[in-house]
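Below: one structure, written as structure tokens.
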Amino acid sequence: MIGRITYMELRTGLKWLLIFGLLVTIVSISMPMIYPTFRDSLTEELEGANKVDLELPSEDGGMIVLSWEPLENATSYMVLEDNRSSMVTAKIKYLGVETSISFEKDFEEKRYYAVTAEVAETSDPVLIGIASTEEGEDPFQDLLKNPAYSGLTGGRSISMLEAKGFIALEFFSWWWMLAGLFIAYLSVSFIASDFENKRMDVMFSTPISRRRYLLEKFTAMSIIALFIILVAIGGLAGGLGNINALHEFSAETVFLSLIGCLPFLMVISAVGMLTAVLFQKVRVGMGVTFAFVFAEFFLYTFGNFSKSLEWMKAISIFNYWDYSSVIFDNIFKTENFIALTVLAIVLVIIGIWVFEKKDIPT
Amino acid sequence: MEQEKAIIIENLTKLYGKHVGVRNLNLTVNKGEIMGFLGPNGAGKTTTIRSSLALISKTAGKITIFGMDSHRDSVEIRKKMGYLPGDFGLISSVKVRSYIKYLLSLSNYPSTKKMTSLAERLELDIDRKTNELSKGNKQKVGIVQALMADQDLIIMDEPTAGLDPLMQQEFYRILREEQKQGKTIFMASHNLAEVEKVCDRVAIIREGHLEVVEKIQSLQEKTGKVLEVEFSDAISVDEFQIRGVSEIQEDDGKLTLTIHENLDDVIEAVSRHRILNMNLRTYSLEQLFLKYYTEENRKRGVA
């Protein structure tokens, strides 16, 4: 419902909106522009990984041969073994001056070997490369299959060497936080500060129902959410156009991936409004709403870890703003868009119901 | 007759947990009168008023305003009602003019004529920003917004708080003019003198109970005025034993007495002596309770 309250809300929030809009513009334009530099340096680094060669035994019980290119100035080499490409649980396999080792294959699953060199002049070891027992596998790609990353990309294995992968990981993984928390902050404070600053008595001495008050505030929040999304769409498309990457990541994809965020932000806004009328304090409402956003995020990432935790995904609003489907598969899930919109409406109705029951404190 | 009443409060009870806001309060405000609602801080005045506006729920009882239910028909009622809260905030960093216009638009009242004239009379500069206002000026904004939409019923909670005496006088004049136009005014105050000045009737509330509803005139007759006179010559207490005068005390040439009626006889008696100083004052609310209502209660065998 659009009316005088919506208008007043937008007017009083204009300063914040412009500051935030500027921030979104800067980040969404500059993010794609970082991409070419990032891609080039990453490609260079990945080429280094080829300096380690792993030969698998031809028959069971044979020996694995791991060899690497010698590094000038190296005083010794170290081989680390792990079953994860991230090498976070690595054990030392070898320490010495040889550039080739062989050992028995006494395991079934895959292993990763990272070779580093001790160089006399420097104290930090130099990475020579990473090799995997899995044939034809790129260890860096496997790193991206790490659940921590796939949680952000809907369980997909994606390449940071493509504009799509880079934008999905580097832009969208923080965009939800930036936009979500901004909307949470505004929707809580726009209502709770009316309680805290004792503006409710005068407001409700005019013939405005509590329902209309909340609906108008919600409309204002939805307009604000739409505004920052449109700014981000413009910025991101502009940035991608600037690096001539729109053939890889089209303006339409930018639009559909970000517009799916509108009902997502409307749900956050409705939760913010609900907590504001429930607790009537900016701080408490903000704490609860922020906690809600983070809890939903963790539910989604945990839900991506394993099949048995998939139910967590189903109850997370992040699951229904599926930007990776749009980016990687070109599928815009209208049903998800509708589901989030319905959820937002239901939450607003609950908010109205709670507000109509509550006393306005003095 | 139902249509002659602006507000009918029946058995209103509001509890905040164990704390009693008001209990079993019955009160009627007639159309066209200025009714004072008098009581010390925390007596339940604000609770009663805010229940009438449906800002808070009732625990029990019924409030009817212009024949409509206070809570069910709240929005309809508020089309005919202006309200000045006892404590309120303004939208900050906007001009008073735009804030007030915003409120007018919420009330669907397009004319700014009354608002401008009220602001002028109260010497309120509406081109200032809301966050630059002093306490008194903020209160003026509250008064203006309560009256500007030309509502039939105006409820005010401590309207003169923060106003200087000159502004208070102007405010009382405005209230009387409103009354002449047929408006009903229900005004909470803890200041007996203020209520005496402008109200036709007064309801006195204490600790959530309605103590009494009286016409101002009969209240004045009952409570009387306190006269203090300092004389330079000797006087005798017996000289002032006049009908309608009580509590006569003399202490070192200083006479204190309470006048209920026959003020001219008292003045005549006083004028027979050389007067150094003289002061006639109203009972304070506290004195009123101490003196009059505890006696009433005793008579009723309550306290």
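The values are calculated or read from the model by the stated rules, or taken from the named source; none is laboratory data. Note that the coordinates shown come from a computational prediction; the quantities given were computed from them, not determined experimentally. Every residue, glycine among them, receives a Cβ derived from its backbone with ideal geometry; neighbour counts consider all protein chains shown. For the accessible areas, the whole protein counts, side chains as well, though only heavy atoms, and no ligand, DNA or RNA atoms are used. Shrake-Rupley method; radii C 1.70, N 1.55, O 1.52, S 1.80 Å.
Sorting B:His71, B:His19, B:His273 by solvent-accessible area of protein heavy atoms yields B:His19, B:His71, B:His273, largest first, with a 1.4 Å probe.
Heavy-atom accessible area for B:Thr258, with the other protein chains in place and a 1.4 Å probe, reaches approximately 10 Å². Taking the Kirkwood radius as Rh and the Cα radius of gyration as Rg, region B:180-260 has a ratio of Rg/Rh equal to 1.13. Taking 0.36 nm per residue of separation and subtracting the current Cα-Cα distance, fully stretching the chain between B:Asn11 and B:Val212 would add 70.9 nm. Got a sec? Charge dipole of the protein assembly as shown, +1 on Cβ for Lys and Arg, -1 for Asp and Glu; which of A:Ser209, A:Ala225, A:Ser30 is way out at the positive end? Comparing the listed Cα positions along the dipole, A:Ser209 ranks first.
Counting only protein heavy atoms and a probe of 1.4 Å, the accessible surface of chain A is 59% carbon and sulfur. Rg and Dmax over the alpha-carbon atoms of region A:170-216 stand at 15.1, 49 Å. Using 0.36 nm per residue and subtracting the Cα-Cα separation, the extra length available between A:Thr341 and A:Val65 on full extension is 93.6 nm. Mean projected area of the Cα convex hull of region B:225-282, taken over all directions, amounts to 3.3 nm².
Would the protein assembly as shown count as rounded, prolate or oblate if I go by the C-alpha gyration tensor, calling it rounded below 1.5 in a/c and otherwise prolate when a/b exceeds b/c, oblate otherwise? Cα axes put the protein assembly as shown in the prolate bin. From the square roots a ≥ b ≥ c of the eigenvalues of the alpha-carbon gyration tensor of region A:236-326, which class results: rounded (a/c under 1.5), prolate (a/b over b/c), or oblate? It is oblate, given that a/c is not under 1.5 and a/b is not larger than b/c. Helical runs (DSSP H, four residues minimum) scored at -39500 (n - 2.57) apiece and divided by the length of chain A put the mean residue ellipticity at 222 nm at -19000 deg cm²/dmol. Note on exposure: A:Arg84, A:Arg212, B:Arg50, B:Arg23 ranked by accessible area (1.4 Å probe, complete protein assembly) read A:Arg84, B:Arg23, A:Arg212, B:Arg50, with the most exposed listed first. Straight Cα distances below 20 angstrom link A:Lys217 to the lysines A:Lys15, A:Lys198, A:Lys281, A:Lys357, A:Lys358, B:Lys101, with same-chain residues fewer than 8 positions distant left out.
For the pair A:Ile315 and A:Trp16, the difference between a 0.36 nm per residue extended length and the Cα-Cα distance amounts to 104.5 nm. Treating each Cα of chain B as an identical point scatterer and ignoring solvent, apply the Debye formula and state log10 I(q)/I(0) at q = 0.17 Å⁻¹. Calculated log10 I(q)/I(0) at the listed q: -1.36. Solvent-accessible area assigned to carbon and sulfur over region B:2-214 amounts to 46 percent, based on a 1.4 Å probe.
Max-minus-min Cα coordinates of region A:57-134 on each principal axis give 42, 24, 16 Å, with the largest extent listed first. Extending 7 Å from Cα along the Cβ direction at B:Glu120 and again at B:Lys95 yields two label points whose distance is 1.8 nm. Is chain A best put as rounded, prolate or oblate by its Cα gyration tensor, with a ≥ b ≥ c the root eigenvalues, rounded for a/c under 1.5, and otherwise prolate when a/b is larger than b/c, oblate when not? Because a/c hits 1.5 or more and a/b exceeds b/c, chain A counts as prolate.
Once you have the Kirkwood Rh of region A:1-128 from its Cα pairs, apply Stokes-Einstein at 4 °C and 1.567 mPa s and quote D in µm²/s. This corresponds to a translational diffusion coefficient of 67 µm²/s. Computed with a 1.4 Å probe over protein heavy atoms only, the accessible surface of the protein assembly as shown comes to 46 Å² per residue.
Each other residue within a Cβ distance under 15 Å of B:Leu25 adds +1 if Lys or Arg and -1 if Asp or Glu, for a net charge of +4. The calculated FRET efficiency for the pair A:Ser209 and B:Arg243, based on their C-beta separation and a Förster distance of 56 Å, comes to about 0.45. Take the Cβ-Cβ distance between A:Glu104 and A:Arg283 as r, set R0 to 56 Å, and report the resulting FRET efficiency rounded to the nearest 0.05. Computed FRET efficiency for A:Glu104 and A:Arg283: 0.35. If R0 is 60 Å, the Cβ-Cβ spacing of A:Trp174 and B:His260 corresponds to a FRET efficiency of close to 0.15.
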